[in-house]
1. How about region 781-810: which of its residues are assigned to a helix (DSSP H, G or I) and among the charged types (D, E, K, R)?
2. Go through region 423-452 and give me each residue that's among the charged types (D, E, K, R) and within 30 Å of Leu105 (Cβ to Cβ).
3. Could you list all residues from region 655-667 that are touching a helix residue (DSSP H, G or I) at 6+ places or on another chain (Cβ under 7 Å) and surrounded by fewer than 23 Cβ atoms within 10 Å (Cβ to Cβ)?
4. Give all pairs with beta carbons closer than 6 Å in which a residue from region 447-472 that is under 17 Å from Ala492 (Cβ atoms) meets a residue that is of a type in the set (Lys, Arg) and assigned to a loop (DSSP other than H, G, I, E, B); count only pairs at least 6 apart in sequence or on separate chains.
5. Here are some conditions: (1) touching a helix residue (DSSP H, G or I) at 6+ places or on another chain (Cβ under 8 Å); (2) at pLDDT 95 or above. Arg572 meets all but one. Which one does it not meet?
6. Among the residues of region 764-789, which ones are crowded, with 24+ Cβ neighbours inside 10 Å and β-branched (Val, Ile, Thr)?
7. Which condition number in (1) in a helix (DSSP H, G or I); (2) at pLDDT below 95; (3) within 21 Å of Ala696 (Cα to Cα) is the one that Ala818 fails?
8. Looking at Leu179, Leu165, Leu223, Leu211 in this structure, which one is at pLDDT below 80 and crowded, with 21+ Cβ neighbours inside 10 Å?
Amino acid sequence: MGAQGAAIVGRAHELERLREAVLDTSRGRGGVWLLCGEAGIGKSRLAEEASALAAERGVVVVWGRAWEVGGAPVLWPWVQVLRALLATEAGRAAREALGARARLLARGLPELRERDSEIGDAIDPERARFELIDAMGSLVIGVASRAPTMIVLDDLHGADPSSLLLAEYVARHLRSVPLVLVGTYREHEAERTAHASSFARLARDARVLALRRLGEAEVGALLLEGEGTPDPTIVRAVHEASEGNPLFVVELARYWRAQASTSSLVRATTIAIPHGIREVLRERLGALPAPDVAMLEAASVLGRDVRVASLAELLETSVASLGAALRRCAGARVLVELAPGALRFSHVLLREVLYQQVDSERRAVLHARAATCLEQRRDAGAEVGTSEIAFHWAAAAAAGGGARERASAVMSARRAAEEADAQLAFEDVVAWYERALEWTDTGVPASTRVELLLALGSARIRAGDVARGQEACLAAAALARAQGAELFARAALAYGAAFVYATIDVRLIALLDEALAALPADARALRARVMARLAAAQQPAADPWGPIALAREAIALARETGDRRVLLETLRSACSAMMDFAEPSERAALNAEHVALAEALGEPVDAMRGSMRLVIDCYEAGDTVAGRAAIERCERVAERLGHSFYAWPVAAMRAMDATLAGRWDEADRWLDEAKARSERARDPNASRALAVARVARLRTERRDVDALAMLPALEQALTAMPFGRAATHALASAMLARAGRLDEAGARLATADVDEMIALGDVALLSCIGEVALALHDAALATRVAERLRPLEGRFRSWGLFGMTCEGPVAALLGSLAALRGEVDDARGWLERALERAQRAGATPYVDAIRVELVALGAPRSVPARMRRAITMRRDGETWVVEREGAPIRLKDSKGLQWLARLIAEPGRDVHVLELAAPDARDVDRGDAGELLDERAKQAYRARLAALEEERAEAEAWNDVERAARAREEIDALRAEIARGLGLGGRARRAGSAVEKARINVQRRLRDAIERIAVHDAALGRLLERSIRTGTSCRYDPE
């Protein structure tokens, strides 16, 4: 075992497990099996035996081998697999079933490009890579669904990151698919790779068979090949020398047979034992003629798999002249034939031993010659992978090559990086640029090093390694300062390529400021791009109008250049600076221009980005007709892109439209559809946006208790983001307030930086704080919120693309805040304007709610008579009769109903809780034992709460479930303690207070009474929930 053709010994258990896996395919089940162990342990041999078993049962078997040496094309193991599958009838049918997505296969399979020439290279990098993985994985799953299949991926420790990602994808879809995926790898080498985490994730979905070394009896069985039982002494000696490694056992047997005059292990007793497998292999190679070994050494430079024609080119001889030597090497089982003209070293260790025998000077010459031959073939029209050329030039430089080799290594590495980028293999892009930088010594111009650093930084950012990507951009900027303003500006823009929502990066602002100051006035294109990016980087600002003015200036400058691509890039950043702050009408015009320009230039991703922003602009302006047209445009662009990343936002926007109109069932269907699409796309932004959208849907229908039940999911989705923490505090406080949990609402808001949220000026945050101010009757807070909302009065409340929601006119909230402050005329004016806007937008739920508010202000003509009817309560013996519309409700007497009747009888009057709970008491002690929480305790609680929220976010990001649960438990306990110590508006609650005891009792009994009414009339129950205010004083505000 371990060498091709050797007996299969000591692997009965593992082979039986794989045989069962093959049998499972007939039952429609699949699975992943990983065979791991050291070199020579027999992983490939076991996979060959399993493949033979599968083939006997009619299972389609295909192999893909990683290129351990380096220089292989991206996704090389899978390219071999897919080519084999596409040659089958099931493969052709599966490709046909992919529809439009089949064109994506051409990224990994160049031979398909002639038929599928339009690959769609305008997509966002990470999303495009996922779509390629999805298309390839879907093809594999489609084949297996039509014909039971076994795929063997050999030597996975040498695979590129994209190949491992595709293996992960396939592994997650095998539960009900008759596909057996077998992977072999050396565990220790896999752990040392940069992508060890990929192996760990793959192993979680797999059954891992760690191949052990052979015992003494198994070594004896392996030595037994038809010439009798080996001498026990020899068996013991072989076992001790080989330590049970099957390859070593086989090679020792060959060695001893070659040394023993009788060629028999049965009688051999005095043969010397070599030290280590490599020495055994060297001894074996030493039996070949010296010219043959020299030829094999040259072949080792080409890798484990060798094309005879390439070897002849390398040695500058003919294929025919190599024939005899190759036959001798095959007879010695050093080489095996894979196909006519294609050979393979029988084991990777043989190739390694030969390669190590080549001295560095000859190695550099051979690698340079191999690279030159490949370039000549490419120039002659042959399809040659750029990465293979780059590998040989890099190896030549590493072996001590001169200036030519180093320059060629840099140039070919850049080309390989560009090729890998086109194939969306971002980790390979990074690796090639890092290699290129290794050879940029003092003889290379500084500008070349700057260009490479910029390319490396951009590649790292595209690969998701933002911190190290920006580090490379900073290094480029440091060098670029002496190379000219334009190169420095490009470095600053590259650093700012990563957008982080609602986060101020002071270093980015400083870089862009410096770049803008240094750029000459005639560098208009670069100046426009830098100004636009600087404007976006400065938001959210305490004064957002400064960045907005800069964005407008950038757009004007970009127009002057006459370059449509410069204008497109400028609009992309400038519109980002204006979202949430500039007037929706201005934004809509610019975003519409952005869309038209993107479509004209064939940039569908930019068209989608602009179209999505345009949807938000329209709904924020209350123009739902234009908004629906923009959604239709988004859908058309998403269909043209053919990427699931763009499908879920369209469904979420349709849910937003249905929610605003009160079409509840339709909204729920679209939210479910958005969730299903997002799970396919695996877009991390989706969970956040859909959590906010789902809560908004429930809040709009006034299902506040149901919305509150989603708070844990909302917190999990939002708190990991910089802006998300503020959004969570604001929205959670509003949800608690709407659900009648006023103490908790006040306490939750008290844990947040309210001043910072108000200063931010975000309409969504301000609206949430305003709702809390209304519920807590906090006139001072209401005044502060109203001041910030007043300039936004013409808009609808929107969470933008952050949350995909639209929650009614801002003017309605301004009317409620004015009413709280006793400004009745102003309140009526705001509400009348809000009603008109809600009616025009078809926002039915908000039309009804605004009319109810107007009733409380004097029932103007715009309010239907049916909404002016009062609630009445009268006692009838031991029951209470509650009436508003329809049949009266009869309920058994209770304290809560008595107090509710008292409040309804005196609408608008504040009634102290002691008047309700102890109306006959004259000398109730209203004193207390001081504050439950002093200022020092509150600050400590808040600091600890902030630390815990960071810990929870980090734990959830690392998928540390237990740690996240502990953090959540302590957060809940702290919030409960804060809630116990704080009252309305975050004011300190006093200990031992008779008033406090009465407040708790009255609030509980009133809530119970309203819940009893809601059992008979849910609408009336909700109306009372909104109309009854509790606290130290209680009041009925009729709607």
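1. Quick first cut of region 781-810, residues assigned to a helix (DSSP H, G or I) only: 781-792, 800-803, 810.
Hits for region 781-810 are Arg784, Glu787, Arg788, Arg790.
2. Within region 423-452, the first condition is being among the charged types (D, E, K, R), and the residues that meet it are 427-428, 434-435, 438, 441, 449, 451.
Scanning region 423-452 gives Glu427, Asp428, Glu434, Arg435.
3. If the condition is that a residue be touching a helix residue (DSSP H, G or I) at 6+ places or on another chain (Cβ under 7 Å) and surrounded by fewer than 23 Cβ atoms within 10 Å (Cβ to Cβ), then Asp657, Ala658, Ala661, Gly662, Glu666 are the ones that fit.
4. From residues that are under 17 Å from Ala492 (Cβ atoms), there are no pairs.
5. Status for Arg572: all satisfied but (2).
6. Residues satisfying the conditions are Ile769, Val772, Val785.
7. (3)
8. Numbers: Leu179 fails: at pLDDT below 80; Leu165 fails: at pLDDT below 80; Leu211 fails: at pLDDT below 80.
Going through Leu179, Leu165, Leu223, Leu211 in turn, the sole match is Leu223.
The values are calculated or read from the model by the stated rules, or taken from the named source; none is laboratory data. None of these values were measured; they are calculated from a predicted model. Don't worry about glycine lacking a Cβ; one is built from the backbone with ideal geometry, like all the others, and counts go over all protein chains shown.
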